[in-house]
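Computed from the coordinates by the stated procedures, all read-outs in this text should not be read as laboratory data. Remember, predicted model here, so these are calculated numbers, not experimental data. Counting neighbours? That spans all protein chains shown, and the Cβs are built from the backbone with ideal geometry, glycine included.
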Amino acid sequence: MDLLFGALGWLADPAHWAGQDGIPTRLFEHVVISAASIVVAIAIALPIGLWIGHTGRFAFLAVNLANVGRAIPSYGAMAMIWPVSLAISPEYGLSLIPTFGAMTLLAIPPIMVNAFAGIREVDRDLVEAARGMGMRERQILGRIEVPLALPVAIGGIRTAAVQVVATTTLGAVLGLGGLGRYLIDGIARRDFERLWAGVILVAGLAILTEVAIALIQRRMTSRGLKLRGDRPIREAGLVPRGGGEIAA
Amino acid sequence: MPDRPLVDWAWIGDHLDDIASRTVQHLAIAGMAVAAGFVLAFVLALAIRRWPRLDGPIVGVSGILYTIPSLALFAALVPVTGVSLLTAEIPLTIYTLLIYIRNIVAGFRAVPADTLEAADAMGFTSGRRLQEIELPLALPLIIAGVRLASVSTIGLVVVAALIGDNYGGLGFFIRDGINTFFPTKVYVGAVMSVALALVVDALLVGLERRATPWARARATRAVA
């Protein structure tokens, strides 16, 4: 309890809200790195997932690659990028490129698998009906499959975003900024108030991300889907089978 | 640094013993958490089966715990439990809970209502129904949960290396490699931990096949 109050006191101290090591700066660094990785991951994984779901081609390969990707710990990925990126760019190679790269890799599998699963779950009869009405393939994808798959696809982005926000913390191990600094410096200096303040900030940011995207997800769910009202849509069919996705 | 090759094979050859003992340590640390988490989650899942209203709170709390970054949870425990095995095991166990509970509960729910009614009509007690009907039918999803929990825990052990040399298994090589600017160590730690996760996953797939012979029989019939 003393620790918790100590940490809250640390957070309340105005001295910790200014300067290079201040909370606003660290929070900003953390959010920028996380957001950049997620945006790049979406740009790569979403189109691939949608395309695989629509055509059914390479589905086996993609899902298995995603599962292997999931087995690579982010800290390991970061560490493996680091010697190479340092040789390429002494300035950014030590911490920025490895963290950004590992975070992007971390975010790709859930986004891709959920986009794919979302499209797969769309009732095939609907797609056939659309085709029978003379819709082109692109229209089927854009007007039928994507809107129906959206809640599940955003579920993947949500999983990815929460993981990335949580894991960007590790960048501090390589000397990057962000909220992880308080954890690493807290341990190194045995300054446990700073450490716990960092824990509170990082956990808070991760939970905030989860809640914020859940709200977006609800708003993006078409009314027709909400009316079904059986079980939460984001979970539909995403019960892990043979090491598949847990949508969280 | 750049004058050294990325992978120094001679170093690996000289340190095979070291690598083997770190691998064993890695497995032991992960194994304890995977086992402890399973026991805890199984009890909670049984509670949910008995009192379905507990589903929301239990899954909700384990979901919130799952969201806490691993480095943060390890670090948060250092002032409380010191640099000890417990500091590594508590977070690792906590992270398995959500995966397990979700899968075990989904496994129970996947049992068809007709099957349950038939068992009740035949006079099965609740305990016998659980043991002879529900558990075997839930087994594929439960084992899927064990697979996910194992792979994720083996990956997380690496992070535990940041709290102390003796609690990170292969993660020790990664941390030490970064600190001493020696990429070979980093690659040994990272590649071995991924390989370990994949091997354990493959073994569990084999276990699943053996534990559910009826699923295989059905698959062959479907093909024929």
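Using +1 at the Cβ of each Lys and Arg and -1 at the Cβ of each Asp and Glu in the protein assembly as shown, identify which of A:GLY118, B:VAL159, B:LEU148 lies farthest towards the dipole's positive end.
Of the options given, the answer is A:GLY118.
Cα centroid distance between region B:25-56 and region B:92-136, in Å?
Spelled out, the Cα-based centre of one part sits 14 Å from the other.
Quick one: what are the phi-derived ³J(HN,Hα) couplings along region B:5-17, Karplus 6.51/-1.76/1.60 with θ = phi - 60°, whole Hz, x for glycine and proline?
Using θ = phi - 60°, the values come out as x, 4, 10, 9, 5, 4, 4, 4, x, 6, 10, 4, 4 Hz.
What number in nm² do you get for region B:60-182 if you take the convex hull of its Cα atoms and divide its surface by four? Don't jump to the answer; show the numbers that get you there.
Details: hull surface 38.2 nm².
Quarter of the Cα hull surface area: 9.5 nm².
Report relative contact order for region A:58-117 in percent, whole number only (criteria: Cα-Cα under 8 Å, sequence separation at least 6). If you can, show how the numbers build up before the last one.
Details: 44 pairs, mean separation 24.1, N = 60.
Relative contact order for region A:58-117 comes out at 40 percent.
Among A:LEU150, A:LEU176, A:GLY132, which residue has its Cα furthest toward the positive end of the charge dipole of region A:103-178, with +1 on Lys/Arg Cβ and -1 on Asp/Glu Cβ?
My answer, from the dipole projection, is A:LEU176.
Compute the helix-to-body angle for B:213-223: its Cα long axis versus the longest principal axis of chain B, expressed 0 to 90° and rounded to tens.
Taking Cα atoms only, the helix is inclined about 80 degrees.
For region A:1-110, what is the charge dipole size about the Cα centre, in debye to the nearest 20, if Lys and Arg each add +1 at the Cβ and Asp and Glu each add -1 at the Cβ? Present the calculation step by step, with values, prior to reporting the outcome.
On the way: 3 positive and 5 negative charges, 118 e Å.
It comes to approximately 560 debye.
Can you sort A:TRP51, B:TRP51, B:TRP11 from fewest to most other Cβ atoms within 10 Å of each residue's own Cβ?
Details: A:TRP51 16, B:TRP51 10, B:TRP11 13.
Result, fewest neighbours first: B:TRP51, B:TRP11, A:TRP51.
Please get the size of the charge dipole for region B:21-174, origin at its Cα centre, with Cβ charges of +1 on Lys and Arg and -1 on Asp and Glu, quoted in debye to the nearest 20. Write down the numbers at each step before the final one.
On the way: 9 positive and 8 negative charges, 15 e Å.
Rounded to the nearest 20 debye, it is 80 debye.
Enter the Cα centre distance for the pair region A:41-118 and region A:155-185, rounded to the nearest angstrom.
Taking the Cα centre of region A:155-185 as reference, the centre of region A:41-118 is 16 Å away.
State which stretch of chain A is the longest one without any exposed trypsin sites (Lys or Arg not before Pro), exposure meaning a DSSP loop state and at most 11 other Cβ atoms within 10 Å. Don't skip to the end; give the middle numbers.
Values: sites that count: A:ARG57, A:ARG136, A:ARG189, A:ARG190.
It works out to A:58-135.
Would region A:103-172 count as rounded, prolate or oblate if I go by the C-alpha gyration tensor, calling it rounded below 1.5 in a/c and otherwise prolate when a/b exceeds b/c, oblate otherwise? It would help to have the intermediate numbers written out before the result.
On the way: a/c = 4.38, a/b = 3.60, b/c = 1.22.
Here region A:103-172 falls in the prolate category.
What ranking, highest mean first, results for peptides A:111-118, B:188-195, A:61-68 when packing means the other Cβ atoms within 10 Å averaged over each residue? Provide the component values of the computation, followed by the final result.
Numbers: A:111-118: 28.5, B:188-195: 22.9, A:61-68: 16.1.
In decreasing order of mean packing, A:111-118, B:188-195, A:61-68 become A:111-118, B:188-195, A:61-68.
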